[in-house]
Structure formats: C-alpha cells, structure tokens
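Contents: one structure, followed by commentary.
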Amino acid sequence: MIALENVSKAFGARAVLAPTTLAPAQGRTIVLLGPSGCGKSTLLRLMVGLVSPDSGRVLFDGQEVTPANVEQMRHRIGYVIQEGGLFPHLDSAGNVTLLAGYLGRDRAWMEARVSELCALVRIPRELLQRYPRELSGGERQRVALMRALMLDPEVLLLDEPLAALDAITRRQLQGELKEVFARLAKTVVLVTHDLHEAAWFGDEIALMRSGSIVQRGSLSDLLARPADPFVTEFVRAQRADPRLAAA
Ligand code: ADP
Ligand code: MG
C-alpha cells in the first residue's frame, strides 16, 4: 500500500534518515521503535508526504508520490501527529468532520459515520460538542483517532498516540486500540519509544537508531538474535529498571 524505497532525509547538514526501504504489510501493524530523536516522526512524515525525500521514492498503491498527487493520497491515509493535533478553535465534532465537509461529503453520510466512529472508539456522542481543551488526554486521543478514521483510510499512521497519557489510561487505550486495529484490518504504522507498547501492538517491530532501522522482527527476534549490541542495550534498558528492582 505504502512503501519507502531507499528514502533518505537531511535537515541542513544533518542526516536524519539514512537510505531506508520499508513496505508495511497490508492489514498488519508495524511499530517504529527507538529513542527520542532517532527519526521516527520524520519517517512517518515522509510516508504521508509532509516531508519530501532527498533521495529515493515514496510509493502509494504502486504509484510514486509527487506534488501533483500528494493531496489525493493524503485523503487515503489517517494520520495522528504526536500531540494529537486537534484544532483548538473547533469543537470535537468540527475536528472530526472538517476534511469530509471540505470535500463536500453528504451531511447524512457524515452523521452516520460519526455515530459509527463514536461506537468504535467508545466516545459518547454528546462529548463531541466539547472543545479539545475540555477533554481529558484519553478523550482527546480518541477524538484524534476518530478524525483520522473519518474517511475510512487504507493506512493509519500513529505517532506516539498514547505517550502523553497516565499509566492507567494508557493501558486501557492500548487494549482498546488493539481491538480497533484487529477489527478494521487496516495497515497500521505506529510509533513509540516504549518496548512493551511495541511488543503489544506490533506484528513486526522496526527498531531504529540515529536515522537507521537497526533490526526488524518480533520482540523474540530482538531478544534471541540481536543484530547489533544496541538492540540488546535498548531492550535491557527498558525491560527492568534496576532502581525499582532494588527497592
Ligand atoms: P523522533 O520522532 O524519533 O524523536 P524526529 O524524526 O522527530 O525523531 O527527529 C529526528 C531528528 O531530526 C532530530 O534530531 C530532530 O531535531 C531533527 N529534525 C526533525 N525535524 C526537523 C526539521 N524540520 N528541521 C530540522 N531538524 C529536524
Ligand atoms: Mg517523534
């Protein structure tokens, strides 16, 4: 569906992504995992055409993404940016239906779709009258997910969707989100810096470091056959906090 072919990116003199090839399997969830600053968000932004590659090609549905077709492609991708990215001056319903309205979709269709999505992400319909600032962090993420799903995209890109939530809300949303993915059977690319979250969601994990994918596979692959000492180090650092174990 969406594929990067030898895509690289630098900002100024700084290489942020080394030539990278990645084609997420249709209907599966791939997780981009890695420390802060390793290029996860940039990789996602390249996929959705918000950043253009210095070299290589981005393909969508077999076609190269170009300035002429990027807009069209974007309507087929659901994208949730790192902070959720809801517009503060629109209420939640306004946020969810903004693009559909702009594209001239039928009112009745929009109504029905919003109801369907409320049920899917477990949000009461009335809550959509609220502005983003009037929502809890968890509710905001649910609304951001609704907005991304509104046009029934073929691909869903989620940038650290749960990172800003408290532990309990996060755990709950991890459970629900995984059910949503399974139900919709969409191609999902999810970014996280959390190993446990990566293992929970990922049919496959791509572990990144300084602009490169160091290893791809399941958590057990990373544990049993680390491609690089960094893999072991990253896993070990996240598996148990020795300061807590000693307490
Ligand atoms: P991650 O999401 O893994 O934390 P990012 O993809 O956001 O990492 O960033 C990777 C690197 O690229 C960081 O060093 C960041 O400062 C830099 N970077 C990202 N976007 C820009 C930009 N628009 N201009 C300059 N540097 C950028
Ligand atoms: Mg990021």
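The values are calculated or read from the model by the stated rules, or taken from the named source; none is laboratory data. Keep in mind it's a predicted model, so treat the numbers as computed, not measured. No Cβ is skipped: glycine too gets one built from the backbone with ideal geometry, and neighbour counts run over all protein chains shown. Quick note on the areas: whole protein, heavy atoms, side chains included, nothing else; ligands and nucleic acids left out. Shrake-Rupley method; radii C 1.70, N 1.55, O 1.52, S 1.80 Å.
With +1 on each Lys and Arg Cβ and -1 on each Asp and Glu Cβ, how big is the dipole of the chain about its Cα centre, in debye rounded to the nearest 20? Please report the intermediate quantities before stating the final value.
On the way: 29 positive and 28 negative charges, 41 e Å.
Dipole of the chain, to the nearest 20 debye: 200 debye.
Distance between the C-alpha centres of region 100-172 and region 1-61: 25 Å, rounded to the whole angstrom. Quick one: helix 229-239 against the long Cα principal axis of the chain, what's the angle to the nearest 10°, folded into 0 to 90? For 229-239 against the chain, the angle is about 60 degrees. Approximating the spin labels as points 7 Å out from Cα along Cα→Cβ, the N6-to-T232 distance works out to 3.4 nm. Under 28 Å from the Cα of K9, which lysines turn up, not counting those fewer than eight places away in the same chain? Excluding near neighbours in sequence, the set is K40, K186. Each Cα pair under 8 Å and six or more residues apart adds its sequence gap; the mean of these over the residue count of the chain is a relative contact order of 28 percent.
Taking amide hydrogens as placed 1.01 Å from N in the peptide plane, the amide H of S218 sits under 5 Å from those of I205, each at least 5 positions away in sequence or on another chain.
Residues of the chain: accessible area per residue at 1.4 Å, in Å²? Intermediate results must be reported in sequence, preceding the final value.
Numbers: 12430 Å² over 247 residues.
On a per-residue basis, 50 Å².
Distance from the Cα centroid of region 176-195 to that of region 222-241 is 23 Å (rounded to whole angstrom).
Arrange the peptides 146-152, 25-31 so that the one whose residues have, on average, the most other Cβ atoms within 10 Å appears first.
Details: 146-152: 20.4, 25-31: 17.6.
Peptide ranking by packing, descending: 146-152, 25-31.
The figure for E176 is an accessible area of roughly 20 square angstrom, using a 1.4 Å probe on the protein chains alone.
How much space per residue, in cubic angstrom, does the convex hull of the C-alpha atoms of the chain take up? Working shown, then result.
Values: hull volume 35.7 nm³, N = 247.
Measuring per residue, one finds 145 Å³ for the Cα hull of the chain.
Here the 3J(HN,Hα) profile of region 166-174, calculated from phi with Karplus coefficients 6.51, -1.76 and 1.60 at θ = phi - 60°, is 5, 4, 6, 4, 4, 4, 5, 5, 4 Hz, Gly and Pro shown as x.
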